[in-house]
Amino acid sequence: MKKLTILILTLTCSVVMMAQGHGLSIGVKGGLSDWKAKDVSNSSLGIYAGLDIGYQCMWRTQQEIYIGLRTGAGIAYQTGSYSVAANSQFTNTDYYGNQMDYSIRADVKADTKQLNVDVPVMFAARIHGFALNIGPRLHFPVYDTYKQELSNTNVDVYYPRYDVPIHNDPLFAKWNTDDMKSEGHKAQPTVMLSLSAEIGYEWALHDWYAYGNEQYIGLQLFVDYGLWGAYSKNTSSMMTVEPITVAGQFPEIKVGNIADAGVLAKPLTFGVRLYYTFQSTDYSGHGWKRGRR
């Protein structure tokens, strides 16, 4: 892995040094966000808005055909809502030492808000005004809040020693009404990886005979699909029950946040990106010449 990392960095640096064009861009993005995964039973579209500053290095393969790399940093705000079926199974003991097997189920609806810092590393192509960027993008949430609500709750307790099943009896597990609705922070991954694509067209603003100075306005459609995420915490169960230590205890069900459910929710965002690019080309020290119109 270390050798592969060094190789990738070496190749990237080589591409940057050999590029015929180096450019900076600033863009604004707007669209919709969603959550998709096998664990998500239902989801609702949220809003997405962002700002990005990019750097690109390009080299020419043919007249008006350039390929290269695009990177940079951006910040984006997104909202979303999704529902999952949470299931917690664990074993407790009562004050006599008897084994108690718990199975707790609930439908959990979560409304989320995030502010992410994004870092893309994308292949870039420019072909007669057609502009394409595609590659991985890292997302680092700097602000993450959630509101969740539980419904369709169910508690089953089984005593193996006596072969006795118990269903929704508050003597063995009682729901706290305050936990049925809750809110907090950091329910989403601390870092996420997505596959991103941007496709559209660029319009030149410069004089084609102005040597070494190119300016463009671009409009692209974009889509980011989440592939992977790392959580800061991941407990064994979203819903737990304190052990019964004395008679008449009425143990309460403790409810964690949506991240504790082990949900592998993947964000999906899509929309439109409008940007301005300034690019310098044909550095005389490199001896390259751009074709004239």
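Number of residues in region 169-184 that are in a strand (DSSP E or B) and in contact with an Asp or Glu (Cβ under 6 Å, 6 or more places away or on another chain): the value is 2.
Quick grid of which residues meet (1) modelled with pLDDT under 95; (2) assigned to a strand (DSSP E or B); (3) surrounded by 15 or more Cβ atoms within 10 Å (Cβ to Cβ):
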position	(1), (2), (3)
MET122	no, yes, yes
TYR143	yes, yes, no
GLN148	yes, yes, yes
GLY200	no, yes, yes
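Residues of region 36-49 include none that is hydrophobic (A, V, I, L, M, F, W, C) and surrounded by 20 or more Cβ atoms within 10 Å (Cβ to Cβ). A search for C-beta distances below 9 Å between a residue of region 262-275 that is over 16 Å from LEU45 (Cα atoms) and open to solvent by less than 40 Å² (accessible area, probe 1.4 Å) and any residue that is β-branched (Val, Ile, Thr) and modelled with pLDDT of 90 or more, counting only pairs 6+ apart in sequence or on different chains, returns VAL263/VAL108; ARG273/VAL28; TYR275/ILE26; TYR275/VAL28; TYR275/ILE217. Checking the structure you have, find out if any residue of region 69-77 is under 19 Å from the mean Cα position of the chain (by Cα) and on the phi > 0 side of the Ramachandran plot. Yes, the conditions are met somewhere in region 69-77. Cβ separations smaller than 6 Å between residues 6+ apart or across chains give the following pairs from region 15-27 residues that are under 20 Å from LEU219 (Cβ atoms) and modelled with pLDDT of 85 or more to residues that are of a type in the set (A, V, I, L, M) and not in a helix (DSSP H, G or I): ILE26/ILE53. Just one of the listed residues (ALA187, ALA204) is within 29 Å of SER81 (Cα to Cα) and among the small types (Gly, Ala, Ser), and it is ALA187. For region 152-168, the tally of residues that are open to solvent by 50 Å² or more (accessible area, probe 1.4 Å), within 29 Å of ALA110 (Cβ to Cβ) and assigned to a strand (DSSP E or B) stands at 2. Considering ASP118, ASP107, ASP101, the condition of being within 22 Å of the chain's Cα centre (by Cα) and acidic (Asp, Glu) is satisfied by ASP118 alone. Exactly one residue out of PRO136, PRO165, PRO160 is without any contact (Cβ under 8 Å) to a residue 12 or more places away in the chain and at negative phi: that is PRO165. Against the numbered list (1) open to solvent by 40 Å² or more (accessible area, probe 1.4 Å); (2) of a type in the set (Gly, Ala, Ser); (3) in a strand (DSSP E or B), GLY97 comes up short only at (3).
The values are calculated or read from the model by the stated rules, or taken from the named source; none is laboratory data. As the structure is a prediction and not an experimental result, all values here were calculated from the model. Note: ideal-geometry Cβ built from the backbone for every residue, glycine included; neighbour counts use all protein chains shown. The accessibility values were calculated without ligands, DNA or RNA, using every heavy atom of the protein model including side chains. Shrake-Rupley method; radii C 1.70, N 1.55, O 1.52, S 1.80 Å.
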